[in-house]
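Below you'll find the structure, written out as structure tokens, and then a few comments.
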């Protein structure tokens with residue numbers, strides 16, 4: 001009995017559910033009545049301990065097989081991303097060499113045949129590496145989705161194992177309860193102070209316990225995007241050649257998206273709760289490249305994409321730029337509905353009424369709570385409605401360091417459209433509150449910089 005009590009104490013050391021806590025009560029009862037339970041020990045070992053041990057061994061094998069499957073898929077994903085990084089390094093190296101040859105040709109007034117031949121070879125290599133880089137990135141994205149599916153199935157399998165474990169433990173507690181009831185009134189009196197806990201454990205619902213488990217940390221879907229040499233405006237490159245390279249890549253991405261759209265027979269997901277499909281992945285790659293083209297043209301009114309809020313720009317181990325879509329797992333259940341902002345060209349005082357902002361007040365919400373329609377900048381688009389959630393005043397200056405961030409200055413008035421985590425807000429500046437004119441682009445800025 002003392003050995004069983006020690007084992008139960010070890011198993012229920014970090015008990016967090018009513019079923020496991022029921023076993024804690026059993027362990028305490030064993031310690032208090034070891035002598036009386038000497039005759040009961042053999043029956044418990046035969047009817048409860050041995051079956052539970054066999055069940056736990058079988059479940060351990062299932063858990064081990066699931067872990068091995070998940071680790072194998074994760075290794076495949078790492079290999080795919082390593083191959084894509086290798087092709088990316090070669091692409092950027094050839095792009096730099098091509099740019100150097102182009103500059104030599106531009107500076108050389110005479111027609112140098114050797115330079116022209118070298119340029120042709122380098123250009124062919126760049127085009128080849130670009131196609132290979134896109135294919136490797138798509139392959140890595142497919143492997144990521146496969147890994148996500150394996151992880152989801154593994155979680156479901158582990159949940160089934162845990163449900164079975166709790167059900168068997170619950171059955172064993174019922175057997176133990178019936179055996180105790182057969183020992184007579186004296187033994188029942190000894191167990192009286194623990195019987196309520198045992199009844200609660202036997203009648204507990206395992207699904208309720210599983211549903212109450214809260215993860216200890218949050219995780220993100222990390223989606224690696226293509227980053228081409230021409231997109232990096234920090235690299236020295238001719239404007240026309242940069243434009244031509246971006247247009248070439250954009251055309252390739254649009255062609256790939258058209259192929260995927262033509263081959264796919266399944267309906268396309270419309271929100272992140274269904275994860276990012278291959279078509280959405282290609283469309284956002286094309287959107288990112290098209291935004292770089294607009295930067296060359298100096299276009300101020302940028303397009304808006306719902307995935308742009310999750311974009312992060314970093315550098316990889318080689319020091320090359322790397323763009324990642326970091327989508328929190330909880331966003332799959334509660335996705336912020338971010339509508340594309342419409343920038344008006346003209347407005348009047350009667351069309352827009354904003355509540356007065358006080359310097360010492362908290363976040364002021366729009367009292368009218370009406371949905372106002374703003375005319376779109378494109379003539380072929382329909383008028384869209386924009387619901388102003390709240391208006392804030394900027395306390396400190398903030399300089400944007402990436403394209404998705406917004407420059408704000410102390411004293412500016414911003415309309416907050418949504419929130420990105422607990423540290424960032426998404427919105428745009430209104431320079432003139434009387435007529436709603438001069439609305440800037442939509443971008444993110446620190447939440448601690450406004451009041």
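Every read-out reported here was derived from the displayed coordinates using simple, explicitly stated rules and does not represent laboratory data. On a predicted model such as this, the values are computed, not experimentally measured, just so you know. Every residue, glycine among them, receives a Cβ derived from its backbone with ideal geometry; neighbour counts consider all protein chains shown.
Observations on the structure shown:
- Exposure proxy ranking for 176, 228, based on other Cβ atoms within 10 angstrom of each Cβ and starting from the fewest, stands as 176, 228.
- Once the mean of 1/r is taken over each pair of separate Cα atoms and inverted, segment 90-147 shows a Kirkwood hydrodynamic radius of 12.9 Å.
- Both radii come from the Cα set of segment 37-79: Rg as radius of gyration, Rh as Kirkwood radius; their ratio Rg/Rh reads 1.43.
- Note on residue 422 and residue 97: their simple-model spin labels are 5.0 nm apart, each label 7 Å out from Cα toward Cβ.
- Segment 9-113: equivalent-ellipsoid semi-axes (sqrt of 5 x gyration tensor eigenvalues, Cα, Å): 73, 15, 7
- Peptides 442-448, 233-239 ordered by packing proxy, namely the average of other Cβ atoms within 10 Å per residue, highest first: 442-448, 233-239.
- Ordered by the number of other Cβ atoms lying within 10 Å of each residue's own Cβ, fewest first, 207, 8 fall into the sequence 207, 8.
- For segment 1-214, the spread of Cα positions along the three principal axes, ordered from largest to smallest, is 112, 26, 24 Å.
- Relative intensity of segment 64-168 on a log10 scale, I(q)/I(0) at q = 0.21 Å⁻¹, equals -1.00, per a Debye sum over C-alpha point scatterers of equal strength in the absence of solvent.
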